[in-house]
Amino acid sequence: MKKILALLALLVCQIINCQTFSTNLTPVGWEHNILFNSVTRYTVTQEGPAINLPGLFDGSMNPYYMAGVTPATPKVILIEGLSGYHTQSGAWVGWTTRYLPASRFKIEGYDTYNGVNVWRVIADYSNVDYGNYNFSVKIPVGGVYSKLKFTFYNGQGGNVGLSELFFIHPEATSPYSGLLTQSATNWQNSGTNLSYNLGNVGIGINSPQNKLDVNGTIHAKEVKVDVTGWPDYVFKNNYNLPTLEEVEKHIKEKGHLENIPNEEEALENGISLGEMNAKLLQKIEELTLYIIKQNKEIDLLKKQEKNNDLISLQIQELQNEIHKLKTK
């Protein structure tokens, strides 16, 4: 029994010691592949025989193939707009397929580090046959690679199969950040931030028409809205303030204030918070001008009333004097 336990303990130790873990220098899996969902995260173009581009970056490993790939009509896949992170301790580039592997190909990267801005050859099998179903290589020259170009020149009878293209960059991404959602989306992690840079987001709604559509209540301590203008022009001397008679006429004819949506429009289209606040402020500022004008008129009437009272008193005094003269 002791021998069996000893053998088991030795076997466990060997298994543990044989395990390989992802590090900056030796990534094991694709969790740091920054090409996941490249079609929606970056700019991807292709030349030559067509292939399903989204399928080469979705992590599903499904094989796709191209016919008619020759040195005269090579297949070129260009990926632009990659993250601006230096390869540091190492980064690995490659491809894989289940069948019809490329026999001639070339991989290049555009290095922008320190403004060098040059295409560097990462792997070149354009003049020598390659005979495996997958390929990966450590980038030979460290740098900041903003573009990758895969060129396939030949395969089995001009047929080339591809399942996935990858750029394993351990320090440029969080594990599987490119696969947070399906390939048609564009969620990205950046430190503690999560961003979505393509299409619309719906909460409780299947077909959002805006960047964020919510079918329900949003609870927040504060909402900040950017505005494109503010109606302080109402207080400028050249502002054409409508008369109250004009305001009254518009209300009688239209049933709402001028430049304010009516009930039907508001119910059908909703209101834009920033625009509506600006319109309401315009009406408040106009109302303020009406009140100021009315207050001036009231003050004038008070002065006139005071003058009238003074005149009345003087008239009364004169009448009294006349009466006295008559009675003498």
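The values are calculated or read from the model by the stated rules, or taken from the named source; none is laboratory data. If you're wondering where the values come from, they're calculated on a predicted model, not measured in any experiment. Neighbour counts are summed over all protein chains in view; Cβ atoms, including those assigned to glycine, are modelled from backbone coordinates with ideal geometry. When the accessible area is computed, the model is the full protein with side chains, heavy atoms only, and any ligands, DNA or RNA have been set aside. Shrake-Rupley method; radii C 1.70, N 1.55, O 1.52, S 1.80 Å.
Table for the structure above
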quantity: Rg(Cα)/(2.2 N^0.38 Å) for the chain, N = residue count; calculated: 1.96
quantity: The range 114-183 - percent of accessible surface contributed by carbon and sulfur, probe 1.4 Å; calculated: 43 percent
quantity: Candidates 284, 203, 107, ranked by Gaussian network fluctuation over the chain, Cα under 10 Å, top entry; calculated: 284
quantity: Angle between the chain longest axis and helix 2-18 axis [Cα atoms, degrees, rounded to 10]; calculated: 60 degrees
quantity: GNM flexibility winner over the chain from 238, 134, 62 (Cα, springs under 10 Å); calculated: 238
quantity: Loop sites in the range 204-297: GluC sites (Glu not before Pro), DSSP, at most 11 other Cβ within 10 Å; calculated: 222
quantity: Value at 222 nm in deg cm²/dmol, rounded to 500, when DSSP H runs of n ≥ 4 in the chain each add -39,500 (n - 2.57); calculated: -10000 deg cm²/dmol
quantity: Neighbour-limited loop hits for trypsin sites (Lys or Arg not before Pro), the range 67-105 (at most 16 other Cβ within 10 Å; DSSP other than H, G, I, E, B); calculated: 98
quantity: Cross-link pairs beyond the 18 Å C-alpha cut-off, checked among 252/293; 249/283; 106/138; 254/293; calculated: 252/293; 254/293
quantity: Span per principal axis, largest first, for the Cα atoms of the range 217-296 (Å); calculated: 44, 28, 21
quantity: Within a Gaussian network of the chain (alpha carbon springs, distance under 10 Å), most fluctuating of 97, 192, 70; calculated: 192
quantity: Percent antiparallel among DSSP beta bridges (both partners in the chain, rounded to 5); calculated: 95 percent
quantity: Per-residue ³J(HN,Hα) for the range 34-51, Karplus 6.51 cos²θ - 1.76 cosθ + 1.60, θ = phi - 60°, Hz, x for Gly and Pro; calculated: 7, 8, 3, 6, 4, 4, 9, 9, 10, 10, 10, 10, 9, 10, x, x, 6, 8
quantity: The range 204-292: relative contact order in percent, alpha carbon pairs under 8 Å with at least 6 residues between; calculated: 32 percent
quantity: Helix axis angle, 273-327 relative to the chain longest principal axis, alpha carbon, degrees; calculated: 10 degrees
quantity: About the Cα centre, charge dipole magnitude for the chain (Lys/Arg +1, Asp/Glu -1 at Cβ), debye; calculated: 960 debye
quantity: Å² of accessible area per residue within the chain, as computed with a 1.4 Å probe and no ligands counted; calculated: 67 Å²
quantity: With Cα atoms, 0 to 90° folded angle of helix 244-254 axis to the chain main axis; calculated: 50 degrees
